[in-house]
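Written out below as structure tokens is the structure these notes cover.
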Amino acid sequence: TSWSGGSQRLLSDCIDEFINEKKRGWKDVNSYTNEYKDYRPKLSLLVEILGNPFVGQVTKTDIVKYKNFLFQMPSNRNKKSTYISKSIDQLMEMDIPSEDLLSNTTIGNHFVKTASFLAWLRENDFVQSNLSSPLRRVIKKERPDSELRSAFTVSDLDALFNNDYYFWGKHRYNSHYWIPLLALFTGARLNELCQLD
């Protein structure tokens, strides 16, 4: 049964409000990428698959449909000539080879962003139930992140830090000196370190 207590607003309108709220927490330098390379394309696909219903009419069955569609979706559908002009329904009728399907990592990223939006709908009383539950714990990582990253060896670290640049301060910019040291001692991501004032 659909719920009319939350709102008779379109799903796409709620996505706009969700993103506008999220933007308040993003740094200006990341805002465009977060919106147009991450959240908006992923949530636009949700709208495309569900057909932009009123948000109070979305059910868990719809989210399961969305989830199953993603498992059958080709990657780069807007770039590969085989898929570029096809609608969602046409794509679902195609026998897409496994090498063309979205990777588990990409699907997992879609699920995280979509589940975040669906949880927001519940938290803001647009829907009555937790619609995000069908997307949780679906994609399991084959290996933990620590196993996917190759650590520097002692000789790697020696080559990086045991040289004239560090001994005699020959770095062109202060950041060239400090960023590798901060990375070494904190384990922080490089993009985060480079954004420090």
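The values are calculated or read from the model by the stated rules, or taken from the named source; none is laboratory data. No experiment lies behind these values; they were computed from the predicted model shown. Using ideal geometry, Cβ is built from the backbone for each residue, glycine included, and neighbour counts are taken over all protein chains shown. Side chains are part of the model used for accessible areas, which takes the heavy atoms of the whole protein and leaves out ligands, DNA and RNA. Shrake-Rupley method; radii C 1.70, N 1.55, O 1.52, S 1.80 Å.
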- Item | Per-region count, region 1-29, residues at pLDDT 90 or above and either under 13 Å from Phe117 (Cα atoms) or not in a loop (DSSP other than H, G, I, E, B) (or both) | 14
- Tell me, please, whether a residue that is open to solvent by 50 Å² or more (accessible area, probe 1.4 Å), at pLDDT 90 or above, assigned to a helix (DSSP H, G or I) and of a type in the set (A, V, I, L, M, F, W, C) can be found in region 120-141. no
- Task: Starting from region 36-53, keep only residues that are assigned to a loop (DSSP other than H, G, I, E, B), then list their pairs with residues that are open to solvent by 30 Å² or more (accessible area, probe 1.4 Å) and of a type in the set (A, V, I, L, M) whose Cβ atoms are within a distance under 6 Å, requiring at least 6 positions of separation or different chains.
- Result: Asn52/Leu10
- Residue under evaluation Tyr39, criteria (1) touching a helix residue (DSSP H, G or I) at 6+ places or on another chain (Cβ under 9 Å); (2) open to solvent by 50 Å² or more (accessible area, probe 1.4 Å); (3) within 27 Å of Ser133 (Cβ to Cβ); (4) hydroxyl-bearing (Ser, Thr, Tyr), criterion not met: (2)
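Name the single residue, out of those in region 179-197 being part of a loop (DSSP other than H, G, I, E, B) and of a type in the set (Gly, Ala, Ser), that is surrounded by the fewest Cβ atoms within 10 Å (Cβ to Cβ).
Filtering first and then ranking leaves Gly187.
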- Among the residues of region 75-94, count how many are open to solvent by 70 Å² or more (accessible area, probe 1.4 Å) and either assigned to a helix (DSSP H, G or I) or of a type in the set (S, T, N, Q) (or both). 8
